[in-house]
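Just below is one structure, and these are the notes that go with it.
Read-outs throughout are calculated quantities, based only on the coordinates presented, and are distinct from any laboratory measurement. Remember, it's a predicted structure, so these values are computed and weren't measured experimentally. Neighbour counts are summed over all protein chains in view; Cβ atoms, including those assigned to glycine, are modelled from backbone coordinates with ideal geometry.
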Amino acid sequence: MSKARAVLGRIKSVEKTRQITKTMEMVAAAKIKRAQARIESARPYAIKMVEVLNNIAEYVGPDSHPLLKVHDPIQNVVIVPITSNRGLCGAFNMNILRQSEALYRQEVAEGRNVKFLAIGRKGVGYLRFTGYDLLAAHTEFSDKPTFVEAKVIADRLVEMYLEGTLDKVYLVFNHFKSVMEQKPMIHQLLPIKQEEITDAAAEKKQEAGYEFEPDAVSVLYDLLPRYIDTVVLRALMESAASEQAARRTAMKNATDSAGDMIENLTRWYNRARQAQITQEIAEIVGGANALQEA
Amino acid sequence: MADHKLRCEVVSPERVVYSGEANMVVARGIEGELGIMSHHIPIITPLEIGELRVKHDNEQEHIAVMGGYLEFREDKVTVLADAAELASQIDVARAEKKKEERERQLAEAKAGDEGLVGAEISLRKALLRLKVAGRVK
């Protein structure tokens with residue numbers, strides 16, 4: 001009967017695991033809401049920023065800023081995969097890394113020199129282990145991304161772009177579509193795509209004859225790097241929300257399968273117990289019969 | 001013109017700091033102070049690290065703006081601040097500490113030191129916080 005005892009121990013252990021996964025699921029669910037609220041409260045700034053950029057774009061030529069200019073030839077590419085610091089969130093990190101590696105191969109195939117700027121402990125660990133060239137590694141970011149954190153990354157990239165040591169930058173991050181769905185997304189951060197900032201301009205009527213202080217070009221010069229900051233911040237926030245959503249889903253699945261496992265193990269245990277009792281009875285009856293016959 | 005109101009909104013990358021009506025908004029642009037009232041010409045200007053005053057009837061809201069942008073259009077002022085705090089939200093003790101720290105750092109630093117600019121900006125922010133916080137008492 002030692003096997004039945006082992007199963008009993010197993011059931012207990014799975015029950016404990018289920019308790020943990022259940023708790024993590026609930027914690028993640030609570031954190032999703034907060035992360036979502038953070039994305040929401042960042043939205044007005046981002047919308048306004050694009051609006052102002054649109055307005056300026058009407059006054060200033062498209063090539064008037066180096067961050068808009070496409071470098072020729074494109075030699076140095078940086079890929080920025082945004083991963084999490086913690087695990088237990090399903091395929092969250094692997095999706096990002098797989099996409100990043102595909103992008104890496106694609107760029108290398110075109111004869112470019114590609115480096116990674118990894119964000120998140122998981123991504124840094126993987127890329128280091130696999131032996132890729134890391135430009136920088138950021139594992140110090142919290143799960144509540146701040147503007148300052150985004151700025152650290154964005155400023156460095158912008159500076160390198162302006163120096164000419166960098167010709168193209170991609171962000172790879174999990175886009176928060178809904179609580180149920182997160183999608184890895186590749187976003188070209190630099191150079192800024194024209195249509196990104198002039199998109200809505202077409203439908204806007206020329207109602208505002210703006211006055212710029214000191215002038216349109218210097219306003220644009222000041223504004224574009226900030227725009228990059230907000231794009232990075234947005235990606236970090238989306239990723240943070242997605243992480244929690246992915247963790248919730250993963251933990252829900254784990255909780256469910258723990259439940260199934262307990263059910264199966266309990267069934268097995270009961271069957272074994274019953275079989276044992278049946279056997280004992282059979283033995284007793286057999287023994288009694290044997291005595292009677294004797 | 002006193003009855004002409006305009007809308008004022010101050011947003012930082014992380015949140016909406018202030019939103020309300022105003023008769024006049026006074027800000028520190030990089031070219032100097034500027035006051036905006038209703039029917040001002042549409043304008044976009046970068047802002048210094050400075051105080052933003054929103055006058056509404058007889059009240060005034062003081063907001064510490066750590067640089068950013070001001071846009072005015074269609075009777076609406078939008079401030080895209082790098083960071084911003086209402087006077088009531090300022091942590092005075094922390095600002096005080098920062099100020100002393102930075103002052104010491106600047107006094108010890110030699111010209112051409114790295115980080116000098118950063119320390120100075122930090123000091124200016126601390127001073128601004130103290131100034132703005134001092135307005136409501």
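For A:Leu236, what charge total do you get from the other residues with a beta carbon under 12 Å from its beta carbon, if Lys and Arg give +1 and Asp and Glu give -1?
On the way: positive: A:Arg38, A:Lys144, A:Lys151, A:Arg234; negative: A:Asp143, A:Glu149, A:Asp229, A:Glu238, A:Glu243, B:Glu14.
The answer is -2.
How would segment A:29-247 be classified by its alpha-carbon gyration tensor: rounded, prolate or oblate, with rounded meaning a/c under 1.5 and the a/b versus b/c comparison settling the rest?
Cα axes put segment A:29-247 in the oblate bin.
Short version: ³J(HN,Hα) in whole Hz for each residue of segment A:74-91, in order, from phi by Karplus 6.51 cos²θ - 1.76 cosθ + 1.60 (θ = phi - 60°), x for Gly and Pro, what are they?
My calculation for segment A:74-91 gives 8, 10, 9, 10, 10, 10, 10, x, 9, 10, 9, 8, 10, x, 6, 9, x, 8 Hz in order.
Given H placed 1.01 Å from N in the peptide plane, which residues other than close sequence neighbours of A:His175 have an amide H under 5 Å from its amide H?
A:Lys183, A:Met185
By how many degrees, 0 to 90 and rounded to 10, does the Cα axis of helix A:92-109 deviate from the longest principal axis of chain A?
So the inclination is approximately 50 degrees.
On average, how many beta carbons from a partner chain sit within 10 Å of the beta carbon of a residue in B:13-19?
6
First select every other residue whose beta carbon is under 12 angstrom from the beta carbon of A:Val148; then total the charges, Lys and Arg +1, Asp and Glu -1.
Net charge around A:Val148: -4.
For the ranges A:68-80, A:164-176, A:271-283, B:45-57, what's the packing order if you count other beta-carbon atoms within 10 Å of each residue, average per peptide, and put the highest first?
Most protected by this proxy first, the peptides run A:164-176, B:45-57, A:68-80, A:271-283.
Looking at chain A, send over the antiparallel percent of its DSSP beta bridges, to the nearest 5.
35
If neighbour count is taken as other Cβ atoms inside 10 Å, put A:Thr230, A:Thr23 in order from fewest to most.
Arranged by neighbour count, lowest to highest, A:Thr230, A:Thr23 become A:Thr23, A:Thr230.
Would you list which aspartates and glutamates come within 19 Å of B:Lys55, measuring only between C-alpha atoms, while excluding same-chain residues fewer than 8 positions from it?
B:Asp3, B:Glu9, B:Glu21, B:Glu33, B:Glu71, B:Glu74, B:Asp75, B:Glu85
For B:Glu48, what residues show an amide H to amide H distance below 5 Å, using hydrogens built from the backbone and excluding near sequence neighbours?
B:Arg28, B:Gly29, B:Ile30
What is the angle, in °, between the Cα long axis of helix A:121-130 and the longest principal axis of the Cα atoms in chain A? Nearest 10 is fine, range 0 to 90.
The answer is roughly 90 degrees.
Nearest 10 degrees is fine. How inclined is helix B:116-135 to the longest principal axis of chain B, computing both from alpha carbons?
50
Exposure proxy check: B:Ser88, B:Ser12, A:Ser100 ranked by fewest other beta carbons within 10 Å?
B:Ser88, B:Ser12, A:Ser100
In peptide B:43-54, what is the residue-averaged number of other protein chain Cβ atoms found within 10 Å of each Cβ?
Mean partner-chain Cβ count within 10 Å for B:43-54: 3.
Kindly state, to the nearest 0.05, the FRET efficiency for B:Glu74 paired with B:Lys131, given R0 = 25 Å and r defined as their beta-carbon distance.
Once the sixth-power term is evaluated, E becomes 0.20.
Work out from phi, with θ = phi - 60° and the Karplus expression 6.51 cos²θ - 1.76 cosθ + 1.60, the ³J(HN,Hα) of each residue of segment B:60-69, listed in order in whole Hz, and give x for Gly and Pro.
Using θ = phi - 60°, the values come out as 9, 9, 10, 10, 8, 10, 8, x, x, 9 Hz.
Under a point spin-label approximation (7 Å from Cα along Cα-to-Cβ), what is the A:Glu163-A:Glu40 distance to one decimal in nm?
4.2
Around B:Gly32, with a cut-off of 10 angstrom between Cβ atoms, what is the net charge of the other residues, counting Lys and Arg +1 and Asp and Glu -1? All intermediate terms of the calculation are to be shown ahead of the outcome.
Working: positive: B:Arg28; negative: A:Glu213, B:Glu31, B:Glu33, B:Glu48.
Net local charge, B:Gly32 excluded: -3.
Under the rule a/c < 1.5 gives rounded, and otherwise a/b versus b/c splits prolate from oblate, where does segment B:1-61 land using the Cα gyration tensor?
Cα axes put segment B:1-61 in the oblate bin.
How many nm separate the modelled label positions at A:Ile186 and A:Asp143, each set 7 Å beyond the Cα in the direction of the Cβ?
2.9
Would you mind computing, in nm to one decimal, how far apart the modelled labels at A:Ile74 and A:Ile20 are, each placed 7 Å from Cα along Cα→Cβ?
4.5
Answer rounded, prolate or oblate for segment A:1-151, using the Cα gyration tensor with square roots of eigenvalues a ≥ b ≥ c: rounded when a/c is under 1.5, else prolate when a/b is larger than b/c, else oblate. The partial results should precede the final answer.
Values: a/c = 3.82, a/b = 1.74, b/c = 2.19.
In terms of gyration-tensor shape, oblate.
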